Structure formats: C-alpha cells, structure tokens
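The values are calculated or read from the model by the stated rules, or taken from the named source; none is laboratory data. Keep in mind that this is a model prediction, so the values were computed, not measured. Cβ placement follows ideal geometry from the backbone for every residue including glycine, while neighbour counts extend to all protein chains displayed. Just the protein is used for accessible areas: all its heavy atoms, side chains included, with ligands, DNA and RNA removed. Shrake-Rupley method; radii C 1.70, N 1.55, O 1.52, S 1.80 Å.
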Amino acid sequence: MDYLDNMEMLDSGIMDTVLGETSAYDPGSFSERDVMDALEGECGIDGFAALLSPAAEPHLEEMAERARDETRRHFGNSVCLFTPLYVSNYCSNECVYCGFNCRNRINRAALDLEGVAKELDAIAATGLKEVLILTGESRARSDVGYIGECVRLASERFSTVGIEVYPMNSDEYAHIHDCGADYVTVFQETYDPIRYEQLHLAGPKRIFSYRFDAQERALRGGMRGVAFGTLLGLRDDFRKDAFACGLHAMEIQRHYPHAETSMSLPRLRPAGGVDNHVAVTEAQLLQVSLAYRIFLPFAGQTISTRERPVFRDGIVGLSATKISAGVSVGIGEHSGEAHGDGQFVISDPRDLAEITEALRRKGLQPVMTDYVRT
Ligand code: SF4
C-alpha cells in the first residue's frame, strides 16, 4: 500500500527480515528436545521459536524458573508502576476490533489543556511518577502540537512520560521528545500483512510498513525507549505474532544498541460493543511472557489491566517488570468528570495502594521511577 504524502519512509531492512523469518516459522515443527536445548543454553532465535511452540506448553514450570532467574539478574526485585491517561478518543481509523473505531457511535471527547492538567494533578496526587499519554489515532483531533503540550504538562508533574498515539515522523518525535517524552509505544497489532489489511478497513493505519517503522523513527527523533506489542488473538496463530514481535524488538536492539526496549502482551478484549473472542488462554499468555523474558532478558515487560488481578500478581517478578495501577480508560475519569467512553474493558481496577501492597507481599519492590531526568 502506498504511503501518504506526509509519511516519512525508512529502508533499514528490518521489516523484511522480521516478516521473512516469521513466514518460515512453523510452530508445529519443534520437539521437546528443542525446548530443553533452548532452556539449558543460550536462547537464540531458534530457541525462542521453540519456547513459543506447542511443544513447550508442558514445560511452563521450567520456563518460569529460567525466566525468574533472568528477571532477577537484569531487574533485581523491582517492579515499575505507571498509569495511562487517555486525553482523546477521536480516531480516524476503522479497526474492526476496537471501541474507538471511527464508525462506532460512542461518546467522543478530547480534553482541553486545562482538563489535561486536572487529570495529571489527580494522578500525581496518588504518588505515581510515570504516566503514559494516550489518544485515539486522529491527527485532526489531536495534532502533534496538542500532544506536545499534553506531554509538556505531564513532564512538569512526572519524571517519566511516554506516549501511545498515532505513528509519527522522526522530526515530530523529536518535537515530542523536546516537550519531555522519553518513550514511545506502538503496537503493530498483527504482523501478518494480509490479516492486517482485513482488520484495518480505513484510515492511515492501513499502511502497515509506516506503522512497523515507528520505533525506528522514534529513536531517530531522540527517544530513549520504545515499546512493542502485538494484540494476541487477532491472528489465527498467536505464536507467529509473538515470534514476529520478539524479533522486531531484537532487530531494533541490534541496530540501535542504546535503545531501551520493552514488550507488552495485550490479549483481545471486548470493546465498545464489539464482543471480541479471547482466543488465547492465560497459560498461553504466560508462555509468551516467559519466552520473551528468556529471549530478550534485558527488555522490560508490561502486563496490562486487561488481565485478572491474580494473573497479574503471579506474573510480576517472574517475567513482567512493569504494571499499571489506578487505571481508567475513559476520558476525564481520573478527576471524576467522565466526558468520553473507554477503549476496552479492564479486569484489574485496583488503585496504587492496593497494587503496591500486593507487590510488597510478594517481596517485590514497587518503583515509581527508574530514571533521573538531567
Ligand atoms: S485500535 Fe487505535 S487506531 Fe484502531 S480504532 Fe482503536 S484507537 Fe483507533
């Protein structure tokens, strides 16, 4: 599909490498021996492929042991806390699985800067030091200037600010970075270009490769960290998407060694009246998380509020290193003035105090920030 006029093109070859390796990946071709080899030695790409395969499912306990060791080695017993702030739910894309789909008749809203400051104040009052600014993907309703101003307000109150908005060009990422953002999250959703086209019916998001290269453009724009994710359950075989997502992060790390990388593992959830079927079990989600940890031991890992508290409590310290608290996915809800509908259904409504208490009970250290801005 052709790029739109304003879209910057890159040609690092990373996308071809990832898609080529993924199309050759056959999850059914691995044996128990392959899994044990991956667990006992260095875990390269073949080992990662084996750990994601059905052959590894009976070995979750051994995987968990190795993953816990890797997490301890690279992160100690710390777990970072943050919360997302949705500032706008306008979107110009038609993604069939999402409540913000531009064809959905939901209550739309975008906070003005005063409203954003109010929300940020309410979050800051809880003691959190890290915030993730989110919007639906509409350049018309939340342009780069507006997102920059939201980030500026956030950086006055928080020591770490991330964004999860539409993919931008490098110079736009540079502007957002100057305003105070440190990291950028972009979910590829699915790494199968054909499935991608079926799920994204209209809007700039349809241009698969522009989205794919977003992390590279963010790093070229000066961002410190980038996060990757695939929405597990969008593709027939979630293992292929998890494999592609891990490779994507590894390739970025290889090309940009200074980058801080992290992984997210959302599963499909009911959203805006769309009853998305959850096709990935909790055990399979755990398998993906453990495989990511063993393959990318240095990469952070965030576990979403889409998951149940008991699952989230179990996975932190094992493979996940970052957890959201006090989450609200509607517009304006933190300061008690809901203006617009939320993006998806959450499963863990606990506030910061409840989450930190749960972490402490497990012997983990809740960390509000792991970064000092200079
Ligand atoms: S997934 Fe993102 S781009 Fe797609 S409709 Fe939802 S908010 Fe918009």
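Observations, loosely collected:
- Reachable lysines from residue 240, criterion Cα separation under 19 angstrom, eight or more residues apart if same chain: none
- The chain - percent relative contact order, Cα under 8 Å, separation 6 or more: 24
- Surface analysis of the chain yields an accessible area of 40 Å² per residue, using protein heavy atoms and a 1.4 Å probe.
- Under 12 Å from residue 129, Cα to Cα: aspartates and glutamates that are on another chain or at least 8 residues apart: 121, 156, 370
- When DSSP beta bridges are restricted to pairs lying wholly in the chain, around 10% turn out antiparallel.
- Projected label points at residue 3 and residue 187, each 7 Å from Cα along the beta carbon direction, are separated by 2.6 nanometres.
- Carbon + sulfur, % of accessible area of the chain - ligands and nucleic acids excluded, 1.4 Å: 48
- Taking packing as the residue-averaged number of other Cβ atoms within 10 angstrom, the listed peptides 193-204, 294-305, 314-325 run from highest to lowest as 314-325, 294-305, 193-204.
- R0 of 25 Å, Cβ-Cβ distance residue 143-residue 373: FRET efficiency to nearest 0.05: 0.50
- In this simple spin-label model, placing a label point 7 Å from the Cα along the Cα-to-Cβ direction at both residue 61 and residue 21 gives a separation of 3.1 nm.
- Pairwise FRET efficiency - residue 361 versus residue 32, Cβ, R0 = 25 Å, nearest 0.05: 0.10
- Region 1-111: relative contact order as a whole-number percent, Cα under 8 Å and 6+ apart: 15
- Kirkwood-Stokes translational diffusion coefficient of the chain, alpha-carbon pairs, 20 °C, 1.002 mPa s, µm²/s: 103
- In the chain, a dipole from Cβ-located charges (positive for Lys and Arg, negative for Asp and Glu) runs towards its positive end, and of 151, 161, 335 it is 335 whose Cα lies farthest in that direction.
- Extension gain from residue 77 to residue 308, taking 0.36 nm per residue of separation minus the Cα-Cα distance: 81.0 nm
- Dipole magnitude of the chain, debye to nearest 20 (Cβ charges: Lys/Arg +1, Asp/Glu -1, about Cα centre): 760
- Cα→Cβ-extended label distance, 7 Å offset, between residue 121 and residue 42, nm: 5.5
- Between region 91-151 and region 45-60, the C-alpha centres lie 38 angstrom from each other.
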